[in-house]
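Trainee: My structure is below; once you've seen it, I'll send some questions.
The values are calculated or read from the model by the stated rules, or taken from the named source; none is laboratory data. Since the model is a prediction, treat every value here as computed from it, not as a measurement. With ideal geometry, Cβ positions are generated from the backbone for all residues, glycine too; neighbour counts draw on all protein chains shown. Heavy atoms of the whole protein, side chains included, go into the accessibility calculation; ligands, DNA and RNA do not. Shrake-Rupley method; radii C 1.70, N 1.55, O 1.52, S 1.80 Å.
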Amino acid sequence: MKGFFALLFLITLAFLIWPYTAVYRLDQALQTNDQQTLSEMIDLASIREQIKRKLNKNVQSTIGEVSNSFIDWLQNGIQRMGADAVEHMVDNQWVVTQLRSHNRKSEQGGILDRMTYAFFDGPDRLLLRIGDLDDNPVHAHLSLQGLQWRITAVYN
């Protein structure tokens, strides 16, 4: 019986550590500008869908409260590009730019040194906060999709 509980404990511990290895992998991909790994870890369709859901007050979104600058960015895009603004404005480079926005040099570097929060937001979702609370932090959700943790929402 002790062996069973030890095995259960090890499985639980591995599951709790697993998403943090994905955060480390994301940080390494950002630092080395590994576009292949970044594109594998970014789920653009989910990110776009969550932003659209946030715009629609009648539909629930996993995105929390957003900043005024985020709302202004969306409104300006919609005014310029119309209904397809999110499709045109949100791409891998936009996601990378958001993740790096609190770096001293926003065109390079990772996220670990600027991350102020990383914890489960559900059994299959990890919430990251990049930047200090009083400095318009970027939030990112990593969700378990199959056997891979991927970024499924980004907002500030």
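Trainee: Could you list which residues have their amide H under 5 Å from that of Ile42, counting only those 5 or more apart in sequence or on another chain, with H placed in the peptide plane?
Mentor: The list, which skips near neighbours in sequence, is Ile151.
Trainee: Please compute the modelled spin-label separation between Arg125 and Ala14, points set 7 Å along Cα→Cβ, answer in nm with one decimal.
Mentor: 2.6
Trainee: For the chain, what % of the accessible area comes from carbon and sulfur atoms, probe 1.4 Å?
Mentor: Within the chain, the accessible surface is 54 percent carbon and sulfur.
Trainee: Averaged per residue, what accessible surface does the chain expose to a 1.4 Å probe, in Å²?
Mentor: It amounts to 58 Å² per residue over the chain.
Trainee: Can I ask one more? Give the aspartates and glutamates reachable from Lys52 as a straight Cα distance under 13 Å; neighbours fewer than 8 places away on the same chain don't count.
Mentor: Asp84, Glu87
Trainee: Okay, next question. Heavy atoms of the protein only, probe of 1.4 Å, neighbouring chains included. What is the accessible area of His88 in Å², nearest 10?
Mentor: For His88, solvent-accessible area is about 120 Å².
Trainee: Which whole-number percentage describes the relative contact order of region 1-125, with Cα contacts under 8 Å and a sequence gap of 6 or more?
Mentor: About 27 percent, as a whole number.
Trainee: Applying 1/(1 + (r/R0)^6) with R0 = 22 Å to the Cβ-Cβ distance of Thr37 and Met81, what FRET efficiency is obtained, to the nearest 0.05?
Mentor: Here the calculated transfer efficiency is 0.15.
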